[in-house]
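S.K.: Handing you this structure, nothing more for now.
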Amino acid sequence: MWKRGTVTVVVLICMAMNSYPIFAQSATSQVAQKKDPRELVVRLKNASVEDIKKLSFFELNLLKNAVYASKGYKFADDRPWLNQIFCEKKYRKVQRRGVAAGRAALNDWITKLRGQALWDLDAYEFPACKEGDALDADQMRALANIRVALFKKIASLGTVKEIDDTLNTEINGLQKQGEFAWIMGKAVPLCAVNYCLQDSTRRELHGYNRLLQLIKNVERFDAMELLGLYTGDILFIRSVIEAKYGKPHDGILSWEISQLIGVTERKVNYDLKQLPVNIQAILQMLDDVTQKILRSDLNDAPASLKGKTIEFLNPYNGGAC
């Protein structure tokens with residue numbers, strides 16, 4: 001497993017290797033108006049799960065983080081490639097080694113690729129990265145659509161080996177040019193793809209697969225089985241368990257849970273203290289694990305949540321990776 005310091009060094013090397021001047025774009029392309037990323041969020045919110053499910057794991061990963069970026073989300077220090085992709089203006093233009101002689105062919109290749117893309121993230125002007133505010137209803141629904149699509153794609157593959165094989169196939173099929181790979185209109189340094197984004201995505205997929213296994217057997221698991229999950233995933237498991245035992249959930253969260261476990265009974269007199277003792281113990285264990293994560297130096301939760309008493313209501317915050 002890559003340590004945080006090692007990942008940061010690798011990304012810094014990527015940035016140093018690719019600090020050559022970017023190729024000159026035409027005057028027309030330079031003045032092209034970038035779109036508000038809110039348009040992307042609404043499009044994701046209204047998209048069908050089946051359509052989103054057709055995207056690659058890398059594409060789903062970037063789309064998820066694009067939702068956070070639309071809010072000006074400041075990504076964790078140990079995931080600098082996300083800040084590079086979404087936040088740093090000098091990397092928003094395509095970077096490339098070479099001389100003017102190769103520019104025309106490269107422009108033709110980019111035009112063809114973008115014409116085939118369903119989602120062009122480079123068409124949006126993402127705000128500067130900072131400590132983002134709470135996500136709104138549209139952003140949470142967009143994230144829910146992506147999460148459910150991920151869940152269903154993972155479930156359709158069945159085993160960890162099939163998940164890994166699919167991810168490897170998608171990695172090998174990335175469109176590459178020079179030192180970069182193109183993912184949804186974004187130029188991502190190959191060294192970041194090979195040493196950072198790939199590992200991050202693989203960890204996320206293994207975590208989601210584990211989450212699905214835990215959801216199938218919520219009555220019996222221990223804290224060690226939560227390794228590899230993000231804070232938002234642990235909160236989501238808690239919500240699923242409560243829903244299974246009758247706690248009413250509303251809106252987006254209720255819809256997402258129903259996609260995984262079906263419609264459950266909603267008890268108007270739901271009382272945590274009346275649940276089976278083993279379920280109360282599991283919920284308390286999830287609370288304890290979440291608090292330990294938020295008080296640790298693990299960076300998958302917003303800094304605004306660290307060290308504070310958390311209300312177990314929103315599994316969508318802290319899910320960037």
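The values are calculated or read from the model by the stated rules, or taken from the named source; none is laboratory data. Keep in mind that what you see is a predicted model, and the values were worked out from it rather than measured. Methodologically, a virtual Cβ is constructed for each residue, glycine included, from the backbone with ideal geometry; neighbour enumeration extends over all protein chains shown.
S.K.: Out of the residues in region 168-199 meeting the condition of being of a type in the set (Gly, Ala, Ser) and modelled with pLDDT of 80 or more, tell me which one is surrounded by the most Cβ atoms within 10 Å (Cβ to Cβ).
M.R.: The first filter runs over region 168-199 and keeps only residues of a type in the set (Gly, Ala, Ser), leaving 173, 178, 181, 185, 187, 192.
Okay, now just the ones that are also modelled with pLDDT of 80 or more, so 173, 181.
Working: GLY173: 10, ALA181: 20.
My answer is ALA181.
S.K.: Determine, yes or no, whether ALA181 is more than 18 Å from LEU157 (Cβ to Cβ), assigned to a helix (DSSP H, G or I), out of contact with any Cys (no Cβ under 6 Å at 6 or more places or on another chain) and free of Cβ contacts under 8 Å to residues at least 24 places away in the same chain.
M.R.: no
S.K.: I'd like the residue in region 63-77 that is among the basic types (Lys, Arg) and more than 18 Å from GLY207 (Cβ to Cβ) and, out of all such residues, is modelled with the highest pLDDT.
M.R.: Within region 63-77, the match that is modelled with the highest pLDDT is LYS71.
S.K.: Would you tally the residues in region 109-136 being at pLDDT 65 or above and surrounded by fewer than 15 Cβ atoms within 10 Å (Cβ to Cβ)?
M.R.: Of the residues in region 109-136, 7 are at pLDDT 65 or above and surrounded by fewer than 15 Cβ atoms within 10 Å (Cβ to Cβ).
S.K.: Follow-up question, since we're still on this one. Yes or no: region 94-103 includes at least one residue that is under 27 Å from ASP199 (Cβ atoms), at pLDDT below 80 and surrounded by fewer than 13 Cβ atoms within 10 Å (Cβ to Cβ).
M.R.: No, there is no match, as no residue in region 94-103 is under 27 Å from ASP199 (Cβ atoms), at pLDDT below 80 and surrounded by fewer than 13 Cβ atoms within 10 Å (Cβ to Cβ).
S.K.: Now for a different question. Does VAL263 count as out of contact with any Phe, Trp or Tyr (no Cβ under 8 Å at 6 or more places or on another chain), part of a helix (DSSP H, G or I) and outside the structural domain of ARG79 (by TED's automatic domain parsing)?
M.R.: no
Table: residues versus (1) in the same structural domain as LYS186 (by TED's automatic domain parsing); (2) more than 22 Å from GLN84 (Cα to Cα); (3) surrounded by 12 or more Cβ atoms within 10 Å (Cβ to Cβ); (4) modelled with pLDDT of 50 or more.
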residue: ALA27; (1), (2), (3), (4): no, yes, no, no
residue: ASN46; (1), (2), (3), (4): yes, yes, no, yes
residue: ASP51; (1), (2), (3), (4): yes, yes, no, yes
residue: ASN61; (1), (2), (3), (4): yes, no, yes, yes
